[in-house]
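Student: Structure incoming, see below.
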Amino acid sequence: MIEILVDIDLEEFIPKYLQNKYDDIKKINEFIKEKNFDELRKIGHNFQGTGTSYGFEFVSKCGKNLRQSAILKDINTIKKIASELDYYFKNINVKYIKID
């Protein structure tokens, strides 16, 4: 399991955030099949902007890479990022802590 420490003040928002991101991974896979690079870029932008805000640095990093790869239409890298995100979300264990 991948342990992620998240501020307890975000606890009520995290389950919905994680569900939304997992749903986005399904969309990413659909957009890969369609080669819809514009939608892939948008999802990457969203991941990049929200990940760190909720304590998920890896999500932001993948989002940045997804966005850049979509701009370059690099489908092989996009597939790799989708696989990494899928593994990540299936294997995270969120622990809530008080962060001052």
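The values are calculated or read from the model by the stated rules, or taken from the named source; none is laboratory data. Only a predicted model underlies this, so the values are computations on that prediction, with no experimental measurement involved. Cβ: placed from backbone, ideal geometry, glycine included. Neighbour counts: every protein chain shown.
Student: Please work out which residue is farthest from GLU12 (Cα to Cα), limiting yourself to the stretch 75-88 and to residues that are surrounded by 17 or more Cβ atoms within 10 Å (Cβ to Cβ) and either more than 13 Å from the chain's Cα centre (by Cα) or hydrophobic (A, V, I, L, M, F, W, C) (or both).
Tutor: Once the filter is applied, the top-ranked residue is ILE78.
Student: Still on this structure, I have one more. Taking the criterion of being under 30 Å from LYS98 (Cβ atoms) and more than 10 Å from the chain's Cα centre (by Cα), would at least one residue in the stretch 64-74 satisfy it?
Tutor: Scanning the stretch 64-74 turns up no residue that is under 30 Å from LYS98 (Cβ atoms) and more than 10 Å from the chain's Cα centre (by Cα).
Student: Turning to a different aspect of this structure: Just to be sure I understand, how many residues within the stretch 63-86 are in contact (Cβ under 8 Å) with a residue 24 or more places away in the chain and farther than 14 Å from PHE31 by Cα?
Tutor: The qualifying residues number 3.
Student: Take the residues in the stretch 1-45 that are touching a helix residue (DSSP H, G or I) at 6+ places or on another chain (Cβ under 6 Å) and of a type in the set (Phe, Trp, Tyr), then tell me which one is farthest from ILE71 (Cα to Cα).
Tutor: Across the stretch 1-45, the extreme among qualifying residues is TYR17.
Student: Mind listing whichever residues of the stretch 58-98 are in contact with a Lys or Arg (Cβ under 6 Å, 6 or more places away or on another chain) and basic (Lys, Arg)?
Tutor: Within the stretch 58-98, ARG67 is the sole residue that qualifies.
Student: Out of ILE25, ILE99, ILE8, report the one residue that is surrounded by fewer than 16 Cβ atoms within 10 Å (Cβ to Cβ), of a type in the set (A, V, I, L, M) and at pLDDT 95 or above.
Tutor: Within the list ILE25, ILE99, ILE8, the selection yields ILE8.
Student: Taking the condition of being in a helix (DSSP H, G or I), over 19 Å from THR50 (Cα atoms) and not polar (S, T, N, Q), how many residues in the stretch 1-30 meet it?
Tutor: 1
Student: Mind checking which residues of the stretch 50-74 are exposed (fewer than 14 other Cβ atoms within 10 Å of the Cβ) and within 24 Å of ASP7 (Cβ to Cβ)?
Tutor: Result: SER53, GLU57.
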